[in-house]
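Asks: First the structure, which I've put down as structure tokens, then a few questions once you've had a look.
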Amino acid sequence: MIEAKTVKFIKLGRSGGWEERCIESDKPMIRLGFDNPHHQKCLEGDWDFINRYWLESKTKGKATETTNQIKDFYTQPRSTMWITFYKRKLYWCFAKEKVTQLEDGSRIREVDGEWKSCNVNGDPLYVENLSGKLTKVQMFRGTICSVKESSYLLKRINAIELPEVQRAKDSLNSLISSVKPLIKNLGWQDFELLVDLVFSNAGWQRVATLGKVEKSIDLDVISPVTGRRAFIQVKSQSSKDELEDYIHQFNGMPQYDEMYYICHTGTSALETVRLPNSVQLIGLDHMAELTVNAGLVKWLITKAS
């Protein structure tokens, strides 16, 4: 269990100029700038002196803010967690207490271990997968500040599921399970239409009229973004030999980049077929998930009613 009573955000240089060196070097560190020549006074804890120094060039409020940030860098204990953002991931670490001044006047504290960008299970902490309440801290205009969402952050680092998130996941899984029998009860034309709607929602566009392509192809689609072309074969149920036959036909169609074979019943035998990288088998479980993600549950309920 990763614990920290205090969590601080630190900006590593202007526009992140020190991020790579601080995070990826053999000696990871946190680093502080500020044009402050009084390193010894900081080590002595003479913060009144430091504040008076900044009052010579800043307003009272700004002088106090700057002094407090420098004080945090020098005095936060080893148990304080430091976080920053780099290459679209959140990084966190703990730092040793010794403060060293470099030749350029900046100061460093060595990281106790290394900067980490994953939770305790090794899952990356991508910015896009974190709450905006936390990630907005990177917009802080200063150098060091407290992290208000520290409780949420520690739960994410320790891979502890938030109760409200778990409830939502349980509800989603229940919804996906509930649409499976509805899909299986669709007539072949409606099932083919459902597949068409799912792929249209994903950005694929039909090249030819639904159901009127050719014997071995139910849907002929193209991605307008990548230009990749695929054919889709839709089956209520199928056999291993039938799937292998379609794969053989696909291999003889160089105009197609991908093939999707969709079947909602009896897919256990199909799963034993060795599929080329360009061929994907979509069974009932995956189809139910795609239907929910495409927002087609109401459509499906209406069709099944």
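The values are calculated or read from the model by the stated rules, or taken from the named source; none is laboratory data. Note that this is a predicted model, so its numbers are computed, not measured. Note: ideal-geometry Cβ built from the backbone for every residue, glycine included; neighbour counts use all protein chains shown.
Asks: Which number in (1) surrounded by fewer than 16 Cβ atoms within 10 Å (Cβ to Cβ); (2) acidic (Asp, Glu); (3) in contact with a helix residue (DSSP H, G or I) (Cβ under 9 Å, 6 or more places away or on another chain) marks the one condition that Glu149 misses?
Replies: The single condition Glu149 does not satisfy is (1).
Asks: Across region 264-305, what is the number of residues that are part of a helix (DSSP H, G or I) and among the β-branched types (Val, Ile, Thr)?
Replies: Total meeting the criteria: 6.
Asks: Here's another thing I want to ask about it. Just checking, which of Tyr126, Tyr152 is in contact (Cβ under 8 Å) with a residue 24 or more places away in the chain, closer than 30 Å to Met1 by Cα, under 19 Å from the mean Cα position of the chain (by Cα) and assigned by TED's automatic domain parsing to the domain that holds Gly13?
Replies: Values: Tyr152 fails: in contact (Cβ under 8 Å) with a residue 24 or more places away in the chain.
Within the list Tyr126, Tyr152, the selection yields Tyr126.
Asks: Name the residues in region 138-189 that are under 20 Å from Ile262 (Cβ atoms) and not in a helix (DSSP H, G or I), would you?
Replies: Asn185, Leu186, Gly187
Asks: Can you find, within region 100-125, the residue that is nearest to Leu154 (Cα to Cα) among those that are surrounded by fewer than 18 Cβ atoms within 10 Å (Cβ to Cβ) and of a type in the set (A, V, I, L, M)?
Replies: Within region 100-125, the match that is nearest to Leu154 (Cα to Cα) is Val120.
Asks: Considering only residues of region 1-46 that are among the acidic types (Asp, Glu) and surrounded by 13 or more Cβ atoms within 10 Å (Cβ to Cβ), which is farthest from Met81 (Cα to Cα)?
Replies: Filtering first and then ranking leaves Asp46.
Asks: What number of residues within region 25-57 satisfy the criterion of being among the acidic types (Asp, Glu) and under 15 Å from Ile108 (Cα atoms)?
Replies: Number of matching residues: 2.
Asks: Right, something else. Taking region 161-186 only, how many residues are loosely packed, with under 15 Cβ neighbours inside 10 Å, touching a helix residue (DSSP H, G or I) at 6+ places or on another chain (Cβ under 9 Å) and of a type outside the set (S, T, N, Q)?
Replies: Count: 5.
Asks: Among the candidates Ile232, Ile222, which residue alone is in the same structural domain as Leu194 (by TED's automatic domain parsing), of a type in the set (Val, Ile, Thr), in contact with a Lys or Arg (Cβ under 8 Å, 6 or more places away or on another chain) and within 15 Å of Asp196 (Cα to Cα)?
Replies: The conditions single out Ile222.
Asks: Here is a further query. Looking only at residues in region 49-99 that are touching a helix residue (DSSP H, G or I) at 6+ places or on another chain (Cβ under 7 Å) and farther than 20 Å from Leu12 by Cα, which one is surrounded by the fewest Cβ atoms within 10 Å (Cβ to Cβ)?
Replies: Phe49
Asks: Right, here's the next one. Return yes or no: is Leu290 hydrophobic (A, V, I, L, M, F, W, C) and modelled with pLDDT of 95 or more?
Replies: It is true that Leu290 is hydrophobic (A, V, I, L, M, F, W, C) and modelled with pLDDT of 95 or more.
Asks: Next up: Is it the case that region 122-143 has a residue that's at positive phi and at pLDDT 95 or above?
Replies: yes
Asks: Then there's this: If you scan region 25-58, which residues turn out to be under 25 Å from Lys155 (Cα atoms) and either assigned to a helix (DSSP H, G or I) or not assigned by TED's automatic domain parsing to the domain that holds Val120 (or both)?
Replies: Listed by number, the list is empty, since nothing qualifies.
Conditions tested, residue by residue: (1) within 17 Å of Ser146 (Cβ to Cβ); (2) in contact (Cβ under 8 Å) with a residue 12 or more places away in the chain.
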residue	(1), (2)
Gly13	no, yes
Glu19	no, yes
Pro28	no, yes
Gln40	no, no
Ile50	no, yes
Ser57	no, no
Ile70	yes, yes
Thr75	yes, yes
